[in-house]
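A short worksheet on the structure shown next.
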(Lines give C-alpha, C1' and ligand atoms only; values in the text may rest on other atoms or scores of the structure.)
Protein backbone atom coordinates (compact mmCIF):
# COMPACT_ATOMS: atom_id res chain seq x y z
CA UNK A 1 0.00 0.00 0.00
CA UNK A 2 1.70 3.19 -1.22
CA UNK A 3 -1.22 5.64 -1.12
CA UNK A 4 -3.88 6.56 1.37
CA UNK A 5 -7.28 8.24 1.22
CA UNK A 6 -7.90 11.19 3.52
CA UNK A 7 -10.43 13.93 4.25
CA UNK A 8 -8.98 17.43 4.76
CA UNK A 9 -10.67 20.60 6.00
CA UNK A 10 -11.19 22.94 3.04
CA UNK A 11 -12.92 25.85 4.80
CA UNK A 12 -14.63 26.88 8.02
CA UNK A 13 -18.34 26.02 7.90
CA UNK A 14 -20.76 28.95 7.88
CA UNK A 15 -23.54 26.85 9.42
CA UNK A 16 -24.42 23.15 9.12
CA UNK A 17 -21.58 21.24 7.49
CA UNK A 18 -21.72 20.59 3.74
CA UNK A 19 -19.53 18.46 1.48
CA UNK A 20 -17.63 21.50 0.16
CA UNK A 21 -16.31 22.22 3.65
CA UNK A 22 -14.01 19.22 3.17
CA UNK A 23 -11.78 17.77 0.46
CA UNK A 24 -11.42 14.02 -0.15
CA UNK A 25 -8.47 12.62 -2.05
CA UNK A 26 -5.57 10.21 -2.25
CA UNK A 27 -1.93 10.93 -1.50
CA UNK A 28 1.32 9.01 -1.01
CA UNK A 29 1.91 7.45 2.38
CA UNK A 30 5.09 8.98 3.86
CA UNK A 31 8.04 6.71 4.53
CA UNK A 32 8.29 5.66 8.15
CA UNK A 33 10.98 7.33 10.24
CA UNK A 34 12.51 5.80 13.34
CA UNK A 35 9.93 5.78 16.12
CA UNK A 36 6.94 5.70 13.76
CA UNK A 37 4.47 3.06 12.63
CA UNK A 38 1.75 2.66 10.00
CA UNK A 39 -1.78 2.17 11.32
CA UNK A 40 -4.53 0.76 9.12
CA UNK A 41 -7.75 2.33 10.37
CA UNK A 42 -10.59 -0.13 10.96
CA UNK A 43 -13.22 2.19 12.43
CA UNK A 44 -13.65 5.94 12.75
CA UNK A 45 -15.80 7.42 15.51
CA UNK A 46 -18.19 10.19 14.43
CA UNK A 47 -19.03 12.48 17.34
CA UNK A 48 -20.86 15.79 17.96
CA UNK A 49 -17.66 17.55 19.04
CA UNK A 50 -16.27 17.27 15.51
CA UNK A 51 -18.40 20.25 14.50
CA UNK A 52 -16.65 22.26 17.20
CA UNK A 53 -13.19 21.09 16.08
CA UNK A 54 -13.54 22.83 12.70
CA UNK A 55 -14.68 26.19 14.09
CA UNK A 56 -12.28 28.95 15.07
CA UNK A 57 -13.77 29.28 18.55
CA UNK A 58 -12.77 28.59 22.15
CA UNK A 59 -12.44 24.84 22.67
CA UNK A 60 -10.40 22.32 24.61
CA UNK A 61 -8.13 21.53 21.63
CA UNK A 62 -6.72 23.80 18.92
CA UNK A 63 -9.13 23.86 15.95
CA UNK A 64 -8.30 21.77 12.89
CA UNK A 65 -6.20 23.93 10.58
CA UNK A 66 -7.36 24.64 7.04
CA UNK A 67 -5.87 22.03 4.72
CA UNK A 68 -5.12 19.65 7.58
CA UNK A 69 -6.61 16.15 7.91
CA UNK A 70 -9.94 16.07 9.73
CA UNK A 71 -9.59 14.95 13.33
CA UNK A 72 -11.34 11.98 14.91
CA UNK A 73 -11.02 8.99 17.21
CA UNK A 74 -9.94 5.81 15.44
CA UNK A 75 -9.14 2.18 16.07
CA UNK A 76 -6.75 0.36 13.80
CA UNK A 77 -4.17 -2.35 13.29
CA UNK A 78 -0.43 -1.72 13.11
CA UNK A 79 0.65 -2.79 9.61
CA UNK A 80 4.33 -1.84 9.81
CA UNK A 81 6.45 -0.53 12.68
CA UNK A 82 9.74 1.26 13.18
CA UNK A 83 8.87 1.99 16.81
CA UNK A 84 10.30 -0.07 19.62
CA UNK A 85 7.60 -1.79 21.64
CA UNK A 86 4.94 -1.52 18.92
CA UNK A 87 4.62 -4.74 16.93
CA UNK A 88 2.68 -5.49 13.77
CA UNK A 89 -0.85 -6.66 14.47
CA UNK A 90 -1.29 -4.55 17.61
CA UNK A 91 -4.73 -2.92 17.88
CA UNK A 92 -4.51 0.73 18.91
CA UNK A 93 -7.19 3.35 19.47
CA UNK A 94 -7.27 7.06 20.18
CA UNK A 95 -6.64 10.35 18.42
CA UNK A 96 -6.33 10.02 14.66
CA UNK A 97 -7.41 11.32 11.28
CA UNK A 98 -10.17 10.75 8.78
CA UNK A 99 -7.97 8.45 6.70
CA UNK A 100 -7.56 4.78 5.90
CA UNK A 101 -3.87 4.79 6.82
CA UNK A 102 -2.10 6.94 9.42
CA UNK A 103 1.62 7.37 10.07
CA UNK A 104 2.05 7.97 13.81
CA UNK A 105 4.63 8.11 16.56
CA UNK A 106 1.99 6.82 18.98
CA UNK A 107 0.98 10.15 20.50
CA UNK A 108 -2.64 9.93 21.64
CA UNK A 109 -2.94 6.21 20.86
CA UNK A 110 -3.18 3.33 23.33
CA UNK A 111 -3.70 -0.39 23.02
CA UNK A 112 -7.40 -1.25 23.00
CA UNK A 113 -8.35 -3.94 25.53
CA UNK A 114 -10.26 -6.97 24.32
CA UNK A 115 -13.16 -8.65 26.07
CA UNK A 116 -14.87 -12.01 25.51
CA UNK A 117 -18.03 -11.81 23.41
CA UNK A 118 -17.48 -8.15 22.49
CA UNK A 119 -16.72 -7.26 18.87
CA UNK A 120 -14.06 -4.73 17.92
CA UNK A 121 -16.78 -2.26 16.93
CA UNK A 122 -18.62 -2.67 20.25
CA UNK A 123 -15.40 -2.40 22.26
CA UNK A 124 -14.18 0.69 20.43
CA UNK A 125 -17.63 2.27 20.25
CA UNK A 126 -18.23 1.84 23.97
CA UNK A 127 -14.88 2.28 25.68
CA UNK A 128 -13.02 4.86 23.59
CA UNK A 129 -15.28 7.83 24.33
CA UNK A 130 -18.98 7.41 25.02
CA UNK A 131 -18.70 4.93 27.89
CA UNK A 132 -16.29 6.97 30.02
CA UNK A 133 -18.22 10.13 29.13
CA UNK A 134 -21.45 8.61 30.42
CA UNK A 135 -19.77 7.01 33.43
CA UNK A 136 -18.08 10.12 34.80
CA UNK A 137 -20.68 12.58 33.54
CA UNK A 138 -23.43 10.84 35.49
CA UNK A 139 -21.78 9.10 38.43
CA UNK A 140 -19.04 11.60 39.28
CA UNK A 141 -20.83 14.83 38.49
CA UNK A 142 -24.40 14.18 39.65
CA UNK A 143 -24.09 11.39 42.24
CA UNK A 144 -27.43 9.69 41.47
CA UNK A 145 -29.35 8.26 44.42
CA UNK A 146 -32.05 5.56 44.57
CA UNK A 147 -35.52 6.93 43.91
CA UNK A 148 -34.38 10.08 42.10
CA UNK A 149 -35.76 11.05 38.70
CA UNK A 150 -33.16 11.24 35.94
CA UNK A 151 -33.92 12.73 32.52
CA UNK A 152 -31.58 11.90 29.64
CA UNK A 153 -31.68 13.79 26.34
CA UNK A 154 -30.47 12.07 23.15
CA UNK A 155 -31.33 8.86 24.98
CA UNK A 156 -30.84 6.54 21.99
CA UNK A 157 -27.41 7.98 21.15
CA UNK A 158 -24.01 6.64 22.09
CA UNK A 159 -23.71 8.43 25.44
CA UNK A 160 -27.39 8.65 26.35
CA UNK A 161 -28.09 4.93 26.10
CA UNK A 162 -25.33 4.23 28.65
CA UNK A 163 -26.30 7.10 30.98
CA UNK A 164 -29.84 5.80 31.33
CA UNK A 165 -28.75 2.25 32.08
CA UNK A 166 -26.27 3.47 34.68
CA UNK A 167 -29.08 5.48 36.23
CA UNK A 168 -31.19 2.33 36.50
CA UNK A 169 -28.27 0.47 38.07
CA UNK A 170 -28.18 3.22 40.71
CA UNK A 171 -31.89 2.89 41.42
CA UNK A 172 -33.15 5.98 39.59
CA UNK A 173 -36.39 6.41 37.72
CA UNK A 174 -35.13 7.17 34.22
CA UNK A 175 -36.96 9.16 31.54
CA UNK A 176 -35.36 9.36 28.11
CA UNK A 177 -35.97 11.87 25.34
CA UNK A 178 -35.47 10.66 21.77
CA UNK A 179 -36.74 11.29 18.25
CA UNK A 180 -39.25 8.85 16.81
CA UNK A 181 -41.24 5.81 18.01
CA UNK A 182 -38.55 3.30 16.99
CA UNK A 183 -35.91 4.98 19.13
CA UNK A 184 -38.29 5.37 22.06
CA UNK A 185 -39.26 1.70 21.87
CA UNK A 186 -35.57 0.75 21.91
CA UNK A 187 -34.94 2.99 24.92
CA UNK A 188 -37.72 1.45 27.01
CA UNK A 189 -37.85 -2.14 25.74
CA UNK A 190 -34.15 -2.85 25.17
CA UNK A 191 -32.39 -0.45 27.53
CA UNK A 192 -34.90 -0.58 30.38
CA UNK A 193 -35.70 3.13 30.76
CA UNK A 194 -38.96 3.71 32.65
CA UNK A 195 -40.33 6.01 29.95
CA UNK A 196 -39.30 7.83 26.79
CA UNK A 197 -40.61 11.07 25.32
CA UNK A 198 -40.73 11.32 21.53
CA UNK A 199 -39.88 14.99 21.06
CA UNK A 200 -40.95 14.79 17.41
CA UNK A 201 -44.56 13.98 18.23
CA UNK A 202 -45.38 15.42 21.66
CA UNK A 203 -44.70 18.54 23.71
CA UNK A 204 -41.72 17.68 25.91
CA UNK A 205 -42.78 19.96 28.76
CA UNK A 206 -46.30 18.58 28.91
CA UNK A 207 -44.97 15.02 28.78
CA UNK A 208 -42.62 15.74 31.68
CA UNK A 209 -45.47 17.23 33.68
CA UNK A 210 -47.26 13.90 33.29
CA UNK A 211 -44.27 11.58 33.80
CA UNK A 212 -42.50 13.58 36.52
CA UNK A 213 -45.16 15.73 38.22
CA UNK A 214 -42.89 16.40 41.21
CA UNK A 215 -40.01 17.53 39.01
CA UNK A 216 -36.60 16.32 37.86
CA UNK A 217 -33.66 15.60 40.19
CA UNK A 218 -30.97 15.04 37.55
CA UNK A 219 -30.74 16.14 33.95
CA UNK A 220 -28.06 14.78 31.61
CA UNK A 221 -27.92 17.47 28.93
CA UNK A 222 -26.66 16.85 25.40
CA UNK A 223 -28.89 18.79 23.02
CA UNK A 224 -29.68 22.37 24.07
CA UNK A 225 -32.58 24.26 22.49
CA UNK A 226 -36.25 23.72 23.34
CA UNK A 227 -35.65 20.32 24.94
CA UNK A 228 -33.14 21.79 27.38
CA UNK A 229 -35.52 24.67 28.10
CA UNK A 230 -38.42 22.33 28.92
CA UNK A 231 -36.37 20.24 31.35
CA UNK A 232 -34.72 23.20 33.08
CA UNK A 233 -38.12 24.68 33.87
CA UNK A 234 -39.01 21.47 35.72
CA UNK A 235 -35.89 20.92 37.82
CA UNK A 236 -36.43 20.25 41.52
CA UNK A 237 -34.86 22.19 44.35
CA UNK A 238 -31.16 21.30 44.58
CA UNK A 239 -31.31 19.48 41.26
CA UNK A 240 -28.14 18.64 39.33
CA UNK A 241 -27.37 19.10 35.66
CA UNK A 242 -24.48 17.42 33.87
CA UNK A 243 -23.72 19.42 30.73
CA UNK A 244 -22.18 17.06 28.19
CA UNK A 245 -23.11 18.82 24.94
CA UNK A 246 -25.50 21.16 23.10
CA UNK A 247 -25.62 19.57 19.66
CA UNK A 248 -28.60 21.63 18.45
CA UNK A 249 -26.60 24.84 18.98
CA UNK A 250 -23.23 23.90 17.46
CA UNK A 251 -24.28 25.53 14.18
CA UNK A 252 -25.61 28.68 15.88
CA UNK A 253 -23.25 31.66 15.65
CA UNK A 254 -24.93 33.70 18.41
CA UNK A 255 -26.08 31.67 21.40
CA UNK A 256 -26.83 34.83 23.40
CA UNK A 257 -30.37 34.65 22.01
CA UNK A 258 -31.02 31.49 24.06
CA UNK A 259 -33.12 31.82 27.24
CA UNK A 260 -31.30 32.60 30.46
CA UNK A 261 -31.93 30.32 33.43
CA UNK A 262 -29.97 32.26 36.02
CA UNK A 263 -33.12 32.99 38.04
CA UNK A 264 -34.18 29.35 37.99
CA UNK A 265 -30.67 28.24 38.93
CA UNK A 266 -30.58 30.62 41.87
CA UNK A 267 -34.09 30.09 43.22
CA UNK A 268 -33.93 26.29 42.95
CA UNK A 269 -30.30 26.11 44.10
CA UNK A 270 -29.32 24.05 41.07
CA UNK A 271 -25.85 22.67 40.50
CA UNK A 272 -24.76 22.74 36.86
CA UNK A 273 -21.41 21.46 35.70
CA UNK A 274 -20.01 21.30 32.21
CA UNK A 275 -17.29 18.80 31.43
CA UNK A 276 -15.14 17.39 28.65
CA UNK A 277 -14.32 13.68 28.49
CA UNK A 278 -10.63 14.60 28.46
CA UNK A 279 -10.99 15.83 32.06
CA UNK A 280 -11.07 12.20 33.18
CA UNK A 281 -8.35 10.65 30.98
CA UNK A 282 -6.33 9.52 33.99
CA UNK A 283 -9.32 7.56 35.30
CA UNK A 284 -10.45 5.93 32.05
CA UNK A 285 -9.24 2.47 33.18
CA UNK A 286 -11.66 2.65 36.11
CA UNK A 287 -14.57 3.38 33.79
CA UNK A 288 -13.58 0.69 31.29
CA UNK A 289 -13.22 -1.95 34.01
CA UNK A 290 -16.64 -1.24 35.53
CA UNK A 291 -18.46 -0.79 32.22
CA UNK A 292 -16.97 -4.00 30.84
CA UNK A 293 -18.05 -5.87 33.95
CA UNK A 294 -21.64 -4.66 33.58
CA UNK A 295 -21.65 -5.51 29.88
CA UNK A 296 -20.30 -9.02 30.40
CA UNK A 297 -22.83 -9.67 33.18
CA UNK A 298 -25.70 -8.55 30.94
CA UNK A 299 -26.54 -5.45 33.00
CA UNK A 300 -25.46 -3.04 30.27
CA UNK A 301 -25.97 -3.16 26.52
CA UNK A 302 -24.97 -0.81 23.72
CA UNK A 303 -25.99 -0.29 20.13
CA UNK A 304 -23.70 0.85 17.32
CA UNK A 305 -24.82 2.43 14.05
CA UNK A 306 -22.08 1.31 11.64
CA UNK A 307 -21.76 3.01 8.26
CA UNK A 308 -19.50 1.78 5.46
CA UNK A 309 -16.73 3.51 3.54
CA UNK A 310 -14.44 6.44 4.30
CA UNK A 311 -15.93 8.34 1.37
CA UNK A 312 -19.20 8.53 3.35
CA UNK A 313 -17.69 10.25 6.39
CA UNK A 314 -19.19 13.69 5.75
CA UNK A 315 -22.69 12.44 4.89
CA UNK A 316 -22.64 10.19 7.96
CA UNK A 317 -21.62 13.11 10.19
CA UNK A 318 -24.46 15.15 8.70
CA UNK A 319 -26.82 12.35 9.76
CA UNK A 320 -25.53 12.65 13.32
CA UNK A 321 -26.44 16.34 13.54
CA UNK A 322 -29.89 15.75 12.07
CA UNK A 323 -30.66 12.81 14.36
CA UNK A 324 -30.65 10.19 11.60
CA UNK A 325 -28.25 7.93 13.49
CA UNK A 326 -29.48 5.19 15.81
CA UNK A 327 -26.89 4.37 18.46
CA UNK A 328 -23.18 5.14 18.60
CA UNK A 329 -22.17 6.23 15.10
CA UNK A 330 -19.12 4.50 13.65
CA UNK A 331 -17.67 4.36 10.16
CA UNK A 332 -16.05 1.13 8.99
CA UNK A 333 -13.02 2.34 7.02
CA UNK A 334 -11.27 -0.93 6.12
CA UNK A 335 -12.33 -4.57 6.60
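The values are calculated or read from the model by the stated rules, or taken from the named source; none is laboratory data. Being a predicted model, the structure only gives us computed values, none of them experimental. Note that each Cβ is placed from the backbone with ideal geometry, even for glycine, and that neighbours are counted across all protein chains shown.
What to note about this one:
- The number of residues in the range 80-107 being surrounded by fewer than 14 Cβ atoms within 10 Å (Cβ to Cβ) and within 30 Å of residue 315 (Cβ to Cβ) comes to 1.
- Candidate set: the range 61-77, residues that are on the phi < 0 side of the Ramachandran plot and in a loop (DSSP other than H, G, I, E, B); chosen: the one modelled with the lowest pLDDT: 61
- Residue-level check: of (1) in the same structural domain as residue 46 (by TED's automatic domain parsing); (2) crowded, with 16+ Cβ neighbours inside 10 Å; (3) farther than 27 Å from residue 79 by Cβ, residue 295 misses just (1).
- Residues that are buried (at least 22 other Cβ atoms within 10 Å of the Cβ) and farther than 20 Å from residue 47 by Cβ within the range 127-146 comprise 142, 144, listed in sequence order.
- Only a single criterion out of (1) in a helix (DSSP H, G or I); (2) touching a helix residue (DSSP H, G or I) at 6+ places or on another chain (Cβ under 9 Å); (3) in the same structural domain as residue 214 (by TED's automatic domain parsing); (4) over 16 Å from residue 247 (Cβ atoms) is not satisfied by residue 141, namely (2).
- Residue match in the range 193-203 (condition: within 28 Å of residue 45 (Cβ to Cβ), assigned to a helix (DSSP H, G or I) and without any contact (Cβ under 8 Å) to a residue 60 or more places away in the chain): no
- Single unsatisfied condition, residue 93 versus (1) under 13 Å from the mean Cα position of the chain (by Cα); (2) without any contact (Cβ under 8 Å) to a residue 60 or more places away in the chain: (1)
- Filter pass, residue 323 being under 21 Å from residue 122 (Cβ atoms) and either modelled with pLDDT under 95 or outside the structural domain of residue 180 (by TED's automatic domain parsing) (or both): no
- When the residues of the range 204-223 are filtered to those that are touching a strand residue (DSSP E or B) at 6+ places or on another chain (Cβ under 6 Å) and free of Cβ contacts under 8 Å to residues at least 60 places away in the same chain, the one that is surrounded by the fewest Cβ atoms within 10 Å (Cβ to Cβ) is 211.
- Considering each residue of the range 151-167 in turn, at least one proves to be assigned to a strand (DSSP E or B), touching a strand residue (DSSP E or B) at 6+ places or on another chain (Cβ under 6 Å) and within 25 Å of residue 273 (Cβ to Cβ).
- Taken as a whole, the range 16-30 holds no residue that is surrounded by 21 or more Cβ atoms within 10 Å (Cβ to Cβ), under 18 Å from residue 250 (Cβ atoms), within 21 Å of the chain's Cα centre (by Cα) and in the same structural domain as residue 328 (by TED's automatic domain parsing).
- The residue pairs whose first member lies in the range 245-273 and is more than 22 Å from residue 17 (Cα to Cα), whose second member is at pLDDT 95 or above and loosely packed, with under 11 Cβ neighbours inside 10 Å, and whose beta carbons are closer than 9 Å, counting only pairs six or more residues apart or on different chains, are 267/237; 268/237; 268/238; 269/237; 269/238; 270/237; 270/238; 271/238.
- Of residues in the range 34-60 being free of Cβ contacts under 8 Å to residues at least 40 places away in the same chain and assigned to a loop (DSSP other than H, G, I, E, B), the one nearest to residue 333 (Cα to Cα): 59
- Conditions (1) out of contact with any strand residue (DSSP E or B) (no Cβ under 7 Å at 6 or more places or on another chain); (2) loosely packed, with under 13 Cβ neighbours inside 10 Å; (3) on the phi > 0 side of the Ramachandran plot: number failed by residue 35: (2)
- Pick from the range 113-126, criterion modelled with pLDDT under 95 and surrounded by 15 or more Cβ atoms within 10 Å (Cβ to Cβ), ranking: nearest to residue 307 (Cα to Cα): 118
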